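The values are calculated or read from the model by the stated rules, or taken from the named source; none is laboratory data. Values in this document were obtained by computation on a predicted structure and should not be read as measured data. Neighbour counts are summed over all protein chains in view; Cβ atoms, including those assigned to glycine, are modelled from backbone coordinates with ideal geometry. Each accessible area value is taken on the protein alone, full model and side chains, heavy atoms only, with ligands, DNA and RNA left out. Shrake-Rupley method; radii C 1.70, N 1.55, O 1.52, S 1.80 Å.
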Amino acid sequence: MAEIVIRNTNERITGDENVRNFLNKYDVLYEKWDASKLNTDLQDNFGLTDEQKTEVLETYDYEIRDLAARRGYQIWDVITLSEQTPDIEEKLAKFEEIHTHAEDEIRAIVAGKGIFVIKATDDVGYFNVELSPGDVISVPENTPHFFTLMENKQIIAVRLFIEKDGWIADPYPDPTFIKQA
Ligand SMILES: CSCCC(=O)/C(O)=C/O
Ligand SMILES: [Fe+2]
Ligand code: NI
């Protein structure tokens with residue numbers, strides 16, 4: 001279940017309804033997929049082969065096509081990040097820079113954990129969205145954000161894009177952002 005932390009106040013928001021209501025205020029979609037649908041061999045495998053990634057997409061084909069039909073996503077992929085990922089440090093460094101995307105994108109966590117840090121309004125500042133298996137969020141277009149792993153340092157996520165070119169990020173250097181532990 002996703003949890004929110006508002007970074008400026010340390011307020012923590014828990015419970016599906018509260019989380020959904022908070023996120024919807026900032027045009028962030030929050031939905032759930034059934035994490036138990038994924039074959040257990042794949043849930044514990046953070047070094048998926050291309051064939052296994054296809055199996056993940058087949059497992060969630062109904063959910064993916066439903067989101068695509070409702071919200072216009074055109075392509076999707078599976079990303080795994082863990083110590084087994086080649087160039088993990090470079091990949092993470094890229095995701096950990098504040099950036100925007102010119103399109104709305106979906107991130108569905110199917111195994112592991114991760115945090116999206118998203119900018120709300122100037123007065124609220126940034127909030128953390130701590131994501132667990134089954135959590136599905138959108139990252140709205142042109143919204144400053146970044147992504148980092150949690151203590152277990154591993155994740156499998158399905159990503160849905162509107163643009164056929166996939167992941168394209170525009171850096172958003174933000175002097176108002178305060179890094180904290
Ligand atoms: C867990 S999805 C990988 C990170 C990503 O796709 C993104 O857009 C980060 O901001
Ligand atoms: Fe992003
Ligand atoms: Ni939870």
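Using a/c under 1.5 as the rounded threshold, could you call the stretch 1-95 rounded, prolate or oblate? The axes a ≥ b ≥ c are square roots of the C-alpha gyration tensor eigenvalues, and prolate needs a/b larger than b/c, oblate otherwise. Oblate shape, in that a/c is at least 1.5 and b/c is the bigger or equal ratio. Would you please state which residues of the stretch 155-170 a label at ALA102 would reach in this model, taking the label point 7 Å out along Cα→Cβ and a backbone N cut-off of under 17 Å? What the label zone holds, given the 17 Å backbone N cut-off, is 161-170. When the pairs LYS32/LYS119; LYS94/LYS179; LYS53/LYS179; LYS37/LYS113; LYS119/LYS164 are compared against a 27 Å limit on Cα-Cα distance, LYS53/LYS179 fall above it.
Using a cutoff of 8 angstrom between alpha carbon atoms and counting only pairs six or more residues apart, the relative contact order for the chain works out to 30 percent. The charge dipole of the chain, taken about its Cα centre with unit charges on the Cβ of Lys, Arg, Asp and Glu (plus for the first two, minus for the last two), comes to roughly 380 debye.
For a modelled paramagnetic label at ASN8, 7 Å from Cα along Cα-to-Cβ, the residues of the stretch 137-181 in reach, with backbone nitrogen under 13 Å, are 176-178.
With the convex hull drawn around the C-alpha atoms of the chain, the volume per residue stands at 117 Å³. Carbon-plus-sulfur accessible fraction, the stretch 73-164 (probe radius 1.4 Å, protein heavy atoms only): 47%. Here's the picture: a label point sits 7 Å out from the Cα of THR54 along the beta-carbon direction, and within the stretch 135-177 the residues with their amide nitrogen under 20 Å of it are 157-160.
When the helices of the chain are scored as -39500 (n - 2.57) per DSSP H run of n ≥ 4 and the total is divided over every residue, the value at 222 nm lands at -6500 deg cm²/dmol. Rounded to the nearest whole Hz, the Karplus-based 3J(HN,Hα) values (6.51 cos²θ - 1.76 cosθ + 1.60, θ = phi - 60°) of the stretch 99-116 follow the sequence 8, 10, 10, 6, 9, 6, 10, 10, 10, 10, 8, 10, 7, x, 8, x, 10, 9, with x at glycine and proline.
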